[in-house]
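To start, the structure under review is shown below, and the notes come after it.
The values are calculated or read from the model by the stated rules, or taken from the named source; none is laboratory data. It should be emphasised that the depicted structure is a prediction, and the values quoted were computed from it without experimental measurement. Glycine also receives a Cβ, built like all others from the backbone with ideal geometry; neighbour counts cover every protein chain displayed.
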Amino acid sequence: MGLSWTEVRFYFDRGTGLLRRGLTSLRTRGIEATWKRVARQFHRVPAAHRPELYLPDRAPFAPFALPRSEQPRASIVIPVYNQFAHTLSCLRAIAAYPPECACEVIVVDDGSSDETEGALAQVEGLTYHRRRQNGGFIAACNDGATLSRGEYVVFLNNDTLPQPGWLDALLATFDQHPGTGLAGAQLIYPDGRLQEAGGLVFADGNAHNLGKFESPNDPRYSYVRAADYCSGAAIAIPRQLFERIGAFDTRYAPAYFEDTDLAFAVRDAGYGVLYQPASQVVHLEGVTAGTDVNQGVKAHQVRNRHTFADKWRTALSRQWSDGTPPDQASAAKGQRRILIIDSATPRPDHDSASLRMVNLMRLLLDEGAHVTFVPTDLNHAGADTRRLQQLGVQAWYAPFFGTPARWIREHGHRFDTVLVCRHYVLREWLPLLRKHAPQARLVFDTVDLHYLRERRGAELASDQALMRASERTRALELEMIARSDATLVVSDVERTLLAVDAPAAKVEILSNLHHVHGRGQPHGQRHDLVFVGGFRHPPNVDAVRWFVTEVFPLVRAKAPEIVFHCIGSDTTAEIDALASQPGVRIHGHVPDLSPFMDGARVAVAPLRFGAGVKGKVNLSMAHGQPVVATACAVEGMHLRNGEDVLVADDAAAFAEAVLRLYRDEALWQRLADNGMANVERHFSLDAGREVVRRVLLRSAG
């Protein structure tokens, strides 16, 4: 199909509008500023940086069906006025990839004179409502909302092409971020460039589409974040909230600034407005109203800005002034900006250090901070990176990052605190940070004291070469501690050691951070033993080898029905070979640990060396699963032998403790209850909140 007359007119109006605005810009802004605006308009985004988009075939109309539920969670309201070809493409996109959630589709016809009415009557599952007379976008949307039955009303322009998964991702925002009152999609041009990643509103009422003409995959625009507003082209709002705040304000009729006003009303009611990048919608901007603010419906944009600015004068006084760089204005005024640098993106289902880091980010976000994360390997880690982005973390990766020197030179001045994990990472970054982020407080997160862990491993192995290596690590680690403004350790044992090794350092304890999941199955419905730990960590390799060869045969001799489940990524050949032993199951990485946490009767932590606080112990206790451990494994965890945990260090005593706990239901229940209480008291997010506020969220300097 060739271009329709409507589309020809659209491109003509766009071209003449660009020319007119360009001439106006020359007169008001000068040549340099105008050239920058023109360059941005025609900014090229490499094909590799653009998403693969679903664009329906533009075939002649034929009847088809839309998803429809009698108990919809979401009511999709699409206002239309002529432009049937675009309405058809929009509906076909919904039909081609139906949302997983229960939904209904409502088209409100605002008096179309083309084939809209006759054709849509043939679309099965569609609720079609024709207004008696043309009233404009606001009237059509409000009418559609009154017809809706869903928990959420989703407003969708007819000149959009919703991408697969768009609605489920949009609604997930409300589940993942309690307190959300409005969620907006990522809007994309048909050529794959970004149209809007949420909107900014400045103190004078002027609005700005964040990220316009950039890559939708750019880290700056790929994370859930608070937005001043989201374009009404694709937004979701709880229906009851929409009704309570009075729907779209009719003083903006027929259109423009009603979506901005709605977002401000949502915040005024005490709810958040969030941009959701996982919900992608192609938007043919300006198809219906054009792009020229000097004529047609678009002319109301100028008038309505003044109406909006007058209505929200008090709220606007708290906004950034016009001209503030978008990257700065994308965070609220006064919001603390935290940069976290680590060697790789955390994988919380693989190791306890990762879980601690992700929960630390949750805690910072919960405290209202803007969190930026940089992995020094610069990899986009797939689901692990997307997990951070969905939490609300601005996670960077190649090819958008560039070089560390260039990136920190460009962004360093924005941060109030920089947290760097692991001494070898800080050693590389410290000169750059001191030069380009001198205002930021530099906090060193040891994760665990590496030199303590290495020294203990060397002592266990009686290896002088390993001992010398641990001394080199000690020198580097202590140097980083001395050059930092504050240092985080995970236990009082490590803080006590540093009081001797680094007496001038400011050292704080921020231990493991866990959610208390509650009790799983009761004692009688559980069976077997479980160990959880990644095998890139040498202490875990030694622990499992010792347990299987020295301890577990003693257990099996008295209870041959017991099976030992070993869970952890990156198993070595030596660990895999242990599966040949009777009753031993080597599972490798298990994405969902819940069946083992809730179903295994006893967890074991047979570590013979290491440092820090052991996440495997916290993890089991947080699920109400009691633990048998060595003294090394429970070091610094405030645990009492016989009350919160059973502790044994030689093979015979360890095996006896396992059998005792396995068979004694009263003891099992006491340890399960006390262990869960210990996590709540010492290792929950609330337990770490005060340290986070004092060390990471304090004023710079």
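Odds and ends about this structure:
- Among the residues of the stretch 673-694, not a single one is in a loop (DSSP other than H, G, I, E, B), closer than 19 Å to residue 519 by Cβ and charged (D, E, K, R).
- Of the candidates 651, 629, 672, the single residue that is touching a helix residue (DSSP H, G or I) at 6+ places or on another chain (Cβ under 7 Å) and in contact (Cβ under 8 Å) with a residue 60 or more places away in the chain is 651.
- In the set 205, 211, only one residue is within 20 Å of residue 320 (Cα to Cα), modelled with pLDDT under 95, surrounded by 22 or more Cβ atoms within 10 Å (Cβ to Cβ) and not polar (S, T, N, Q); that residue is 211.
- Helices (runs of 4 or more DSSP H) lying entirely in the stretch 293-383 (those with 2 or more residues that are surrounded by fewer than 22 Cβ atoms within 10 Å (Cβ to Cβ) and among the basic types (Lys, Arg)): 300-311
- Among the residues of the stretch 678-699, the ones that are within 14 Å of residue 625 (Cβ to Cβ) and free of Cβ contacts under 8 Å to residues at least 60 places away in the same chain come to 1 in all.
- Sub-7 Å Cβ pairs linking a first residue in the stretch 207-231 that is not assigned by TED's automatic domain parsing to the domain that holds residue 378 to a second residue that is of a type in the set (Val, Ile, Thr) and assigned to a loop (DSSP other than H, G, I, E, B), at least 6 apart or interchain, are 214/45; 215/45; 223/393, ordered by first then second residue.
- Count - residues of the stretch 392-409 that are surrounded by fewer than 21 Cβ atoms within 10 Å (Cβ to Cβ) and touching a residue at least 60 places away in the same chain (Cβ under 8 Å): 4
- Scanning the stretch 243-260 for residues that are farther than 25 Å from residue 282 by Cβ and not small (Gly, Ala, Ser) yields 243, 244, 245, 249, 250, 251, 252.
- Among the residues of the stretch 472-484, none qualifies, meaning not one is at pLDDT 90 or above, of a type in the set (D, E, K, R) and within 17 Å of residue 613 (Cβ to Cβ).
- Filtering the stretch 314-341 to residues that are more than 25 Å from the chain's Cα centre (by Cα) and of a type in the set (Gly, Ala, Ser) leaves 315, 317, 321, 323.
- Taken together, the residues in the stretch 243-284 that are in a loop (DSSP other than H, G, I, E, B) and either closer than 23 Å to residue 160 by Cβ or in the same structural domain as residue 392 (by TED's automatic domain parsing) (or both) amount to 9.
- Annotation: residue 528 fulfils all but one of (1) surrounded by fewer than 16 Cβ atoms within 10 Å (Cβ to Cβ); (2) under 30 Å from residue 660 (Cβ atoms); (3) of a type in the set (D, E, K, R); the unmet one is (1).
- Check on residue 479, touching a Pro at 6+ places or on another chain (Cβ under 9 Å), surrounded by fewer than 17 Cβ atoms within 10 Å (Cβ to Cβ) and over 30 Å from residue 333 (Cβ atoms): no
- Residue within the stretch 428-441 that is surrounded by fewer than 18 Cβ atoms within 10 Å (Cβ to Cβ) and either in contact with a Ser or Thr (Cβ under 9 Å, 6 or more places away or on another chain) or closer than 19 Å to residue 357 by Cβ (or both) present: yes
- Complete set of residues in the stretch 549-591 that are free of Cβ contacts under 8 Å to residues at least 12 places away in the same chain and within 23 Å of residue 615 (Cα to Cα): 576
- Any hit, the stretch 660-675, residues being closer than 17 Å to residue 511 by Cα and not assigned by TED's automatic domain parsing to the domain that holds residue 491: yes
- Filtering the stretch 236-260 to residues that are farther than 23 Å from residue 73 by Cα and surrounded by 22 or more Cβ atoms within 10 Å (Cβ to Cβ) leaves 252, 255, 256, 257, 258, 260.
- Among the residues making up the stretch 608-620, a single one is within 20 Å of residue 659 (Cβ to Cβ) and either touching a helix residue (DSSP H, G or I) at 6+ places or on another chain (Cβ under 6 Å) or at pLDDT 90 or above (or both): 620.
- Residue, surrounded by the most Cβ atoms within 10 Å (Cβ to Cβ), within the stretch 632-691, restricted to residues that are within 31 Å of the chain's Cα centre (by Cα) and more than 25 Å from residue 610 (Cα to Cα): 689
- Among (1) modelled with pLDDT under 95; (2) part of a helix (DSSP H, G or I); (3) surrounded by fewer than 20 Cβ atoms within 10 Å (Cβ to Cβ); (4) of a type outside the set (Lys, Arg) - the single one residue 540 does not satisfy: (3)
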